[in-house]
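Structure record follows, encoded as structure tokens.
The values are calculated or read from the model by the stated rules, or taken from the named source; none is laboratory data. Just so it is clear, the model here is predicted, and its values are computed rather than measured. Here the Cβ positions follow ideal geometry from the backbone for every residue, glycine too, while neighbour counts run over all protein chains shown. Calculation scope for accessible area: heavy atoms of the full protein, side chains included, ligands and nucleic acids excluded. Shrake-Rupley method; radii C 1.70, N 1.55, O 1.52, S 1.80 Å.
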Amino acid sequence: MKIPLAKPVFDNEMKDAALDALQNERFVLGESVFKFEEEFARYCGVKYAVSTSSGTNALQLSLLALGVRGDDHIITTPFSFIATANAALHVDALPVFSDVDLNTYNIDPGAIKKKIDKNTRVIIPVHLYGFPADMNQILEYSQEKGLFVVEDACQAHGAEYYGQKVGSIGDVGCFSFYPSKNMTVCGDGGMVVTNNEEIAEKVAKLRDCGRVSHYEHDLIGFTARLNTVNAAIGRVQLRRLDEWNRKRREHAELYNRLLSGIEGVILPPRECSGIKPVYHLYVIRTKFRDQLKDWLEKNGIQCGIHYPIPIHLQPVYRRLFGYRRGDFPNSELLSDTVLSLPMFPDLTREEIEYICEKVNEFFIKKDRTV
Ligand SMILES: Cc1ncc(COP(=O)(O)O)c(C=O)c1O
């Protein structure tokens with residue numbers, strides 16, 4: 001058997017939508033872009049959605065629209081994709097890391113409080129692997145201190161937190177449509193969602209060269225638009241998202257059931273009431289991670305590590321800020337032990353059974369326990 005880690009969907013309906021947009025619309029800022037934005041806003045339960053050329057741009061332009069400047073501090077997690085923290089640096093602000101909670105792998109709200117100082121302007125929680133961060137606590141601190149909250153929902157399209165879609169809870173939510181995500185535009189793409197008209201208008205200008213009209217610019221903007229053809233594909237993908245997420249959740253349930261008895265394996269953060277994750281990734285933990293990964297790959301099962309190096313220990317962050325091992329122990333522990341197993345909507349029951357059988361075999365044969 002050969003089982004990939006992820007499998008983006010690109011079917012005939014998407015091909016037709018792409019071709020139709022290419023033949024009948026403007027290549028840039030065509031009708032599909034605005035329709036996709038409207039539909040995505042409705043899906044998230046917010047008033048405005050503005051598309052961008054990537055999730056990274058979505059974060060960066062959101063921070064600019066909130067008026068973040070040099071000297072401002074942005075509190076975020078060191079256990080994420082590097083783009084989360086880079087967004088702060090892209091606007092000349094300082095990313096201030098706060099370690100994660102080992103029960104959720106998301107930023108630990110209890111630890112955030114100690115990081116807030118007079119320069120703090122924004123908190124960026126990440127809903128890692130599609131598991132919602134503890135937004136109530138984060139909102140409580142942010143409201144108390146007058147901070148903005150920008151949700152990095154790049155891995156969490158459709159996840160819910162007490163009935164609200166993630167991305168719609170803070171001041172701004174940012175999404176990525178990179179091909180491995182729960183929904184994609186079959187290329188790079190991103191979206192900013194918000195209920196704040198002023199932020200939405202500013203992001204819309206910033207992504208389009210700071211334009212107010214074709215030849216008039218009142219901001220120093222960027223070329224960071226979503227292409228029309230990608231938006232047309234995104235519209236079809238969005239209609240499938242709930243069904244795909246339902247399947248991901250079903251797969252996670254089966255994985256949990258089949259792996260639950262294995263000593264030495266820690267299962268992903270558990271769903272609890274009010275928290276509805278969407279399993280962008282299905283991630284287990286074991287101290288034999290590298291050996292297990294080799295074994296599974298020898299058996300045709302592609303695995304991933306998200307992420308083997310926490311952001312603070314990336315060479316560029318060490319060089320710029322002097323971070324060392326030991327600075328954020330929980331994130332480092334996760335980086336050393338996490339393993340992503342195949343997860344995509346069309347994964348079959350037989351494939352999951354085979355993967356779990358191989359995980360089981362690894363621990364039984366090698367007699368490895370915690
Ligand atoms: C948590 C997180 N933040 C930000 C990004 C950046 O998104 P993009 O790759 O679309 O720029 C990603 C995408 O991989 C991500 O997973």
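Per-structure values
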quantity: Near pairs, Cβ below 8 angstrom, 6+ apart or cross-chain, from segment 76-93 (touching a residue at least 60 places away in the same chain (Cβ under 8 Å) and part of a helix (DSSP H, G or I)) to any residue that is open to solvent by less than 10 Å² (accessible area, probe 1.4 Å) and among the aromatic types (Phe, Trp, Tyr); calculated: Ala85/Phe97; Ala85/Tyr317
quantity: Residues located in segment 163-182, provided they are open to solvent by less than 10 Å² (accessible area, probe 1.4 Å), more than 10 Å from the ligand (Cβ to nearest atom) and closer than 20 Å to Pro109 by Cβ; calculated: Val166, Gly167, Val172, Gly173
quantity: When residues of segment 9-61 are limited to those that are farther than 28 Å from Phe344 by Cα and aliphatic (A, V, I, L, M), the one farthest from the ligand (Cβ to nearest atom); calculated: Leu22
quantity: Selection count, segment 271-324, where residues are closer than 28 Å to Ile352 by Cα and in contact (Cβ under 8 Å) with a residue 12 or more places away in the chain; calculated: 32
quantity: Residue that is farthest from the ligand (Cβ to nearest atom) [pool: residues in segment 275-306 that are part of a loop (DSSP other than H, G, I, E, B) and β-branched (Val, Ile, Thr)]; calculated: Thr286
quantity: Scope segment 96-114; condition in a helix (DSSP H, G or I) and either open to solvent by 30 Å² or more (accessible area, probe 1.4 Å) or within 13 Å of the ligand (Cβ to nearest atom) (or both); matching residues; calculated: Gly110, Lys113, Lys114
quantity: Subset of segment 295-328 that is of a type outside the set (A, V, I, L, M, F, W, C), within 30 Å of Leu259 (Cα to Cα) and over 22 Å from the mean Cα position of the chain (by Cα) - its residue that is least open to solvent (accessible area, probe 1.4 Å); calculated: Gly300
quantity: Checking Thr194 against (1) open to solvent by 50 Å² or more (accessible area, probe 1.4 Å); (2) more than 16 Å from the ligand (Cβ to nearest atom); (3) in contact (Cβ under 8 Å) with a residue 12 or more places away in the chain, the condition it does not meet; calculated: (1)
quantity: Residues located in segment 210-240, provided they are open to solvent by 60 Å² or more (accessible area, probe 1.4 Å) and touching a Leu at 6+ places or on another chain (Cβ under 7 Å); calculated: Phe222
quantity: Condition met for Glu160 (touching a residue at least 60 places away in the same chain (Cβ under 8 Å) and surrounded by fewer than 24 Cβ atoms within 10 Å (Cβ to Cβ)); calculated: yes
quantity: Residues satisfying the stated conditions in segment 334-355, i.e. open to solvent by less than 10 Å² (accessible area, probe 1.4 Å), part of a helix (DSSP H, G or I) and farther than 17 Å from Lys2 by Cβ; calculated: Leu334, Ser335
quantity: Checking Asp208 against (1) out of contact with any His (no Cβ under 8 Å at 6 or more places or on another chain); (2) within 16 Å of the ligand (Cβ to nearest atom); (3) closer than 15 Å to Ser54 by Cα, the condition it does not meet; calculated: (2)
quantity: All positions within segment 121-146 that are of a type outside the set (Asp, Glu), touching a helix residue (DSSP H, G or I) at 6+ places or on another chain (Cβ under 7 Å) and surrounded by fewer than 21 Cβ atoms within 10 Å (Cβ to Cβ); calculated: Gln137, Tyr141
quantity: Check on Ala6, open to solvent by 30 Å² or more (accessible area, probe 1.4 Å) and small (Gly, Ala, Ser); calculated: yes
quantity: Checking Glu243 against (1) closer than 23 Å to Phe79 by Cβ; (2) open to solvent by 20 Å² or more (accessible area, probe 1.4 Å); (3) of a type in the set (D, E, K, R), the condition it does not meet; calculated: (1)
quantity: Matching residues in segment 246-274 - criterion: being outside any helix (DSSP H, G or I) and crowded, with 19+ Cβ neighbours inside 10 Å; calculated: Ile262, Val265, Pro268, Pro269
quantity: Complete set of residues in segment 13-65 that are outside any helix (DSSP H, G or I) and under 17 Å from Glu201 (Cα atoms); calculated: Leu29, Val46, Lys47, Tyr48, Ala49, Val50, Ser51, Thr52, Ser53
quantity: Residue within segment 134-142 that is touching a residue at least 60 places away in the same chain (Cβ under 8 Å), out of contact with any strand residue (DSSP E or B) (no Cβ under 6 Å at 6 or more places or on another chain) and either within 16 Å of the ligand (Cβ to nearest atom) or closer than 29 Å to Asn245 by Cβ (or both) present; calculated: no
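Here's the yes/no breakdown for (1) open to solvent by less than 10 Å² (accessible area, probe 1.4 Å); (2) touching a His at 6+ places or on another chain (Cβ under 6 Å); (3) on the phi > 0 side of the Ramachandran plot:
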| site | (1), (2), (3) |
| --- | --- |
| Gly45 | no, no, yes |
| Ala65 | no, no, no |
| Phe81 | no, no, no |
| Leu94 | no, yes, no |
| Ile116 | no, no, no |
